[in-house]
1. Restricting attention to segment 168-185, which residues are more than 22 Å from residue 244 (Cα to Cα) and among the aliphatic types (A, V, I, L, M)?
2. Evaluate segment 226-233: report whether one residue or more is assigned to a loop (DSSP other than H, G, I, E, B) and at pLDDT 95 or above.
3. Could you count how many residues in segment 234-270 are modelled with pLDDT under 75, over 24 Å from residue 95 (Cα atoms) and surrounded by 16 or more Cβ atoms within 10 Å (Cβ to Cβ)?
4. Just a yes or no: is a residue in segment 138-159 over 27 Å from residue 52 (Cβ atoms) and of a type in the set (A, V, I, L, M, F, W, C)?
5. Within segment 29-47, does at least one residue satisfy the condition of being modelled with pLDDT under 50, assigned to a loop (DSSP other than H, G, I, E, B) and surrounded by fewer than 16 Cβ atoms within 10 Å (Cβ to Cβ)?
6. For segment 129-139, how many residues meet the condition of being farther than 15 Å from residue 210 by Cβ and either among the β-branched types (Val, Ile, Thr) or in contact with a Ser or Thr (Cβ under 9 Å, 6 or more places away or on another chain) (or both)?
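The values are calculated or read from the model by the stated rules, or taken from the named source; none is laboratory data. The structure presented is a predicted model; accordingly, all values stated were derived computationally and were not measured. Every residue, glycine as well, gets a Cβ built from its backbone with ideal geometry; the counts of neighbours run over all protein chains shown.
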Amino acid sequence: MKTPARLQTSPVRSLVAALLLASTAAGLHAGQISSASYVNDFTSDADDFATLKTWTLDTNSPGFFGHNDVASATGSYVASVEHTLLGGAAASASDFTFESTVVYTASGVGSTNRLGVLFLAGDAALTPATAYSFYLRGTASSGFSLFLERAGVAVASGGSSNDELRDYFGATLTFNVTASYLDQVGGDGINDALKLDVTLSSSSKDSISLTFTDTDPLIGSHFGLLGRDDSNTQTFNAQWDSVSLTTIPEPSTIALLGGLAALLGAIVTRRQKRAA
């Protein structure tokens, strides 16, 4: 007896089913996402974020996720997410854009306070030594107030003493990161470097942009938000009202997926013809 077409299986279909089953069984833990396009405006939840110190979620429109640091408290406020499509070796890593918007208020600003974002971090705590950091400093250092760091070392800087964190009191700030992998060293068509274009824009001042190309890119998969208070005499309040991250697959990955889709389509068509 001929098996009905809908019950026929193939090695390819069996493999796909097995992969889907394994993925479902593994699941995603808190603080981890896998969507190529991720957006959170904090009007529903902040369940994707793992946090260090106390963060507050307010889902009332327009929604925000932040911290209200009292004058006697100090330390780093971190909210991080692990992205399964982010990071890894440059040869196969996905380009991405990362943007987050925040409103900052405080009773004063410690000189080394920081407000910004971290990405491609090696751990959920967003340890600076394992991450790229893009942040605005409380007061300028060596004439600069905006910094891009790699593993805790400044690789690009901008702004001035007129663009310090305290100058943005009550303003809406947007931190934007565009990351592009490229073949910088080998000339063999295999990506081996990472170009970072970062911009700070606000509702009160002109935008400031920095750029840096790293020939030894960090490979972590975590990204997130940072507010660091180093003053025990001032409050430090930050209300993040949106976070978005979009990954763009490396071209060879797109070609591979396209080839697999074409193969599966051909197999389905062939079996439908046989069943007719």
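1. Passing the criteria: 182, 185.
2. No; the residues of segment 226-233 include none that is assigned to a loop (DSSP other than H, G, I, E, B) and at pLDDT 95 or above.
3. The number of residues fulfilling the criteria is 1.
4. Among the residues of segment 138-159, not one is over 27 Å from residue 52 (Cβ atoms) and of a type in the set (A, V, I, L, M, F, W, C), which makes the answer no.
5. Checked against the condition, which is being modelled with pLDDT under 50, assigned to a loop (DSSP other than H, G, I, E, B) and surrounded by fewer than 16 Cβ atoms within 10 Å (Cβ to Cβ), segment 29-47 yields at least one hit.
6. Step one: of segment 129-139, the residues farther than 15 Å from residue 210 by Cβ are 129-131, 138-139.
Next, only the ones that are either among the β-branched types (Val, Ile, Thr) or in contact with a Ser or Thr (Cβ under 9 Å, 6 or more places away or on another chain) (or both) stay: 130, 138-139.
Residues meeting the conditions: 3.
Yes/no matrix, rows are residues, columns are (1) among the β-branched types (Val, Ile, Thr); (2) at pLDDT below 95; (3) over 27 Å from residue 31 (Cβ atoms):
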residue: 113; (1), (2), (3): no, yes, no
residue: 128; (1), (2), (3): no, yes, no
residue: 134; (1), (2), (3): no, no, no
residue: 139; (1), (2), (3): yes, yes, yes
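Each row is one residue, and each column tells you yes or no for (1) under 30 Å from residue 34 (Cα atoms); (2) within 14 Å of the chain's Cα centre (by Cα); (3) in contact (Cβ under 8 Å) with a residue 40 or more places away in the chain.
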site	(1), (2), (3)
120	yes, yes, yes
143	no, no, no
151	yes, no, yes
169	no, no, yes
178	yes, yes, yes
216	yes, no, no
235	no, no, yes
